[in-house]
Amino acid sequence: MGYKVQLHVYDLSRGLAKTFSLPLLNKKIDAIYHTSIVIYGIEWYFGGGILRDIPFQTPHGQPFEILELGETEIPKELFEEFLSGQTDRFRMDRYHLLENNCNHFTNECSNFLLGVGIPSHIVDLPNEVMSTPFGAMLQPMINNFFSQQGWGNAMGPVNQQQQQQHQLPMFSNTNTKTTTVNTTTTQTTTTTTTTNNKVENHPKSNITHKHYKISNKIPLILNSKSVLFEKSDVEAVFNKLKEFINKEFKGKENEQQLFNQYEKESNQLKQIIKSTDVNVSISSETLKYFDGLLSTFSDDHQFPLLEILRMLLLKNQSNQYYTNQSNPMISNTLLKIQSKKLSKASELLSFRVINNCFFSKSGINYLFNNNNNLNIIIESTIDALHSMDKILKRAVSTLAYNLSIHLSVESSNHQEQSISLLGAIEHILSESDLSNEDPEISFRLLMALGTLIYCNDDLVEILKTLDFDFNKYLNSKELKVSQLTKEIQLLL
């Protein structure tokens with residue numbers, strides 16, 4: 001059973017719009033809409049940042065309409081990660097009555113959860129009003145209001161300290177528990193990415209190159225450690241899997257036997273994933289049982305299995321099992337990504353699965369020694385870098401960086417793929433609107449760019465010809481982004 005998604009619709013005019021719109025605008029307007037998304041028993045809305053509250057207990061009173069938008073299979077932890085990627089856009093100082101308001105926020109949420117937006121008459125209302133003669137008269141006043149000294153494009157207190165006070169918590173209403181998410185790192189309440197310490201030496205350590213002379217000046221670029229997605233809400237994942245198991249097994253001839261076997265094997269899997277020992281033992285029978293679930297479950301029920309696969313790749317024994325060239329599971333995952341038919345949740349988790357292959361040399365060899373696998377990864381990475389979904393884009397930019405570490409180590413190998421990836425990254429960085437981009441995405445793509453051109457004269461020359469605008473990132477408010485940009489300039 002999925003999660004019900006509702007849209008709570010409020011009238012900020014308290015009925016006045018319906019009464020006075022016709023004589024003022026020569027057009028009848030039913031309400032001045034404020035909306036919020038209700039899912040997982042929580043009401044989410046854009047106010048002084050992205051806020052959460054108990055349904056029907058927000059400061060806006062009671063909704064005059066509740067719309068049933070549909071059902072989603074996306075679990076709460078993935079939705080919260082999506083929200084963490086939206087915090088930069090939906091900050092208090094970026095609120096704008098016409099261009100970036102509460103209804104734009106709920107529209108983005110609905111698109112992520114269901115693949116469709118909220119009703120257009122709600123999102124389009126400001127433009128509809130501005131298209132009237134009276135609206136045209138109001139336009140300069142509204143623009144002036146949102147550009148007064150101390151406000152920027154803000155809707156909130158003029159006092160800067162109070163703005164910061166409101167912005168620090170991502171979900172900051174007093175009626176519910178506050179959850180703080182750091183948007184400048186990859187850490188959230190359920191999933192983090194960390195560097196892998198297993199590959200200690202830089203892959204290009206045996207290459208003699210002029211870049212070695214400045215090695216002490218490019219510490220970020222020389223990090224060379226793969227970035228992995230390591231943490232998960234294990235109990236939530238297995239609860240969701242149990243829900244799907246009930247659907248998949250119900251009505252089958254040996255239903256009870258299947259349920260009994262699942263209880264036994266799922267307990268084994270849960271213990272293994274929760275273990276902090278990367279060398280924890282796992283039986284071949286348990287892995288083969290899990291393979292059977294992956295192979296037979298319907299696409300709509302795949303994403304908790306992909307989450308478990310992602311975590312199994314962080315254990316030595318199961319990583320070796322899945323990155324053995326004779327095991328098709330990872331290759332099949334790549335083919336599904338390439339098909340572009342996955343749900344949003346499954347697509348995101350599939351990219352994270354591929355990232356976690358970089359946990360071991362066996363996983364790296366699995367991806368790089370099979371040219372078909374590598375071509376699919378490069379093609380899918382380049383394609384997904386154009387996504388507007390920031391959580392997906394963060395996973396994909398991570399993959400671009402992980403790939404860059406091992407691409408073009410030898411000029412005779414993978415040079416074509418390196419050139420393709422370099423061109424795509426340069427294009428994305430050049431076109432990116434920093435005012436609306438997750439700085440962590442920019443950082444990872446710049447890391448990939450710097451790592452690709454390190455000790456590779458051909459790629460250095462290609463980047464020079466592309467006339468990349470370094471000033472854009474040198475002026476970044478993120479210190480590590482500007483520092484990394486300086487390091488890349490040193491390589492040219």
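The values are calculated or read from the model by the stated rules, or taken from the named source; none is laboratory data. Worth saying up front: this structure is predicted, and the values here are computed from it rather than measured. Surface areas here come from the heavy atoms of the whole protein model, side chains and all, with no ligands, DNA or RNA. Shrake-Rupley method; radii C 1.70, N 1.55, O 1.52, S 1.80 Å.
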Share of alpha-carbon pairs per 10 Å distance bin for the range 321-460, given as whole %: 12, 45, 35, 8, 0
If you take the C-alpha gyration tensor of the range 283-377, multiply each eigenvalue by 5 and take the square root, what semi-axes do you get, largest first, in whole Å? 18, 17, 11
Given a 1.4 Å probe, how much area per residue of the range 421-492 is accessible, in Å²? 40 Å²
How much of the accessible area of the range 314-434, probe 1.4 Å, is carbon plus sulfur, in whole percent? 48 percent
Using a Cα-Cα cut-off of under 21 Å, which lysines could be cross-linked to K4, ignoring same-chain neighbours fewer than 8 residues away? K76, K240, K242, K247, K344
Here the tail fraction of P(r) beyond 18 Å, over all Cα-Cα pairs of the range 207-357, rounds in percent to 62 percent
For the range 427-433, what does the Karplus curve 6.51 cos²θ - 1.76 cosθ + 1.60, with θ = phi - 60°, yield as ³J(HN,Hα) per residue in whole Hz, taken in order and with x for Gly and Pro? 5, 4, 5, 5, 8, 5, 8
Bins of 5 Å, beginning at zero and ending with the bin holding the largest distance: percent of Cα pairs per bin for the range 402-466, please. 3, 18, 31, 23, 14, 8, 3, 1
Probe of 1.4 angstrom, ligands and nucleic acids ignored: what's the accessible area per residue over the range 272-395, in square angstrom? 38 Å²
